[in-house]
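Presented below is the structure to which this report refers.
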Amino acid sequence: HYFTKKSYVPVDVCLLMDASGSMAGDKRQAACYLAEHLLLTGKEKVAVVTFQERSSEVVVPFTRSQHILRTGLSKITPAGLTPLAEGIMTAVNLIKNSPVRNPLLVLITDGIPNTPLWTMDAKADALKAATYIDEGKIRFICIGVESNRFYLEKVVECGQGALYLVDDLNKDNLINIVRWEKKNMLNVDKMRA
């Protein structure tokens with residue numbers, strides 16, 4: 001019998017979380033649970049960027065520390081508007097300026113952007129920001145609710161990503177989608193080798 005060593009490809013994950021008012025309660029808890037699950041079940045680093053009102057914030061820089069992650073997550077209080085373009089740019093800059101391996105940007109949102117960044121058109125600004133994801137060679141997935149399908153399809157097209165639509169942003173849906181995507185990243189890397 002021969003046993004071959006399993007190949008392991010690290011995937012550092014940046015969660016880009018919508019923290020607008022509509023994400024309060026169970027949706028916020030599900031997104032925070034996903035962040036903790038990723039840290040506890042993998043060997044990779046996890047980061048969390050939130051966007052709300054008129055700005056975005058790195059609440060957890062890339063880390064393997066459960067304490068740092070929990071401290072950052074405890075500060076998330078959903079309220080206000082949805083500045084998606086600002087959130088995307090903050091996440092892209094964090095990934096570019098951090099020592100990460102095979103970065104995966106996971107956008108979790110239940111809304112449509114309503115706060116612009118560069119122009120007066122919040123939706124157009126978010127689409128422009130999404131092009132920087134692809135330019136940065138960052139793997140990108142968006143997990144959104146079915147009701148916003150047509151706009152989110154445009155976002156993932158600009159970011160050259162994949163869209164996962166759900167009826168509800170619950171912890172099981174989020175975990176299963178990210179687990180599936182990480183598995184797909186491993187398969188793609190094996191085919192390239």
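The values are calculated or read from the model by the stated rules, or taken from the named source; none is laboratory data. Values in this document were obtained by computation on a predicted structure and should not be read as measured data. Neighbour counts run over all protein chains shown; Cβ positions are idealised from the backbone, glycine included. Quick note on the areas: whole protein, heavy atoms, side chains included, nothing else; ligands and nucleic acids left out. Shrake-Rupley method; radii C 1.70, N 1.55, O 1.52, S 1.80 Å.
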Legend entry - Residue pairs, from the table Lys27/Lys171; Lys45/Lys96; Lys45/Lys154; Lys137/Lys183; Lys45/Lys137, whose Cα atoms sit over 20 Å apart: Lys45/Lys154
Inset, instruction - Please work out the Kirkwood hydrodynamic radius for segment 1-123, using every pair of different C-alpha atoms, and report it in angstroms with one decimal place. - result: 15.0
Legend entry - Karplus-derived HN-Hα couplings along segment 35-46 (A = 6.51, B = -1.76, C = 1.60, θ = phi - 60°), whole Hz, x at Gly and Pro: 4, 5, 4, 4, 5, 6, 9, x, 9, 8, 8, 10
Legend entry - Stretch in the chain that is longest and holds no trypsin sites (Lys or Arg not before Pro) that DSSP places in a loop and that have at most 16 other beta carbons within 10 Å: 138-193
Inset, instruction - Search the structure for amide H atoms under 5 Å from the amide H of Thr115, placed 1.01 Å from N in the peptide plane, and list their residues when 5 or more places away or on another chain. - result: Thr82, Leu84
Legend entry - Gyration tensor (alpha-carbon) shape descriptor, segment 117-186, a/c threshold 1.5: oblate
Inset, instruction - List the relative contact order of the chain as a percent without decimals, with contacts defined as Cα pairs under 8 Å and 6+ residues apart. - result: 22
Inset, instruction - Would you please give the residues with an amide H less than 5 Å from that of Val60, counting only those at least 5 places away or on a separate chain, with H modeled from the backbone geometry? - result: Val48
Legend entry - Using alpha-carbon coordinates, inclination of helix 171-192 to the longest axis of the chain, degrees: 50
Legend entry - Residue-normalised accessible area of segment 77-135, given per residue in Å² at a 1.4 Å probe: 42
Legend entry - Nearest-20 debye value, the chain charge dipole, Cβ charges on Lys, Arg, Asp, Glu: 980
Inset, instruction - Give the carbon-plus-sulfur fraction of the accessible surface of segment 26-113 in %, rounded to a whole number; probe 1.4 Å, heavy atoms of protein chains only. - result: 49
Inset, instruction - Arrange the residues Tyr151, Tyr132, Tyr33, Tyr164 by how much accessible surface each exposes, largest first, with a 1.4 angstrom probe. - result: Tyr33, Tyr132, Tyr164, Tyr151
Inset, instruction - Give the distance, in whole Å, between the Cα centre of segment 125-148 and the Cα centre of segment 47-71. - result: 19
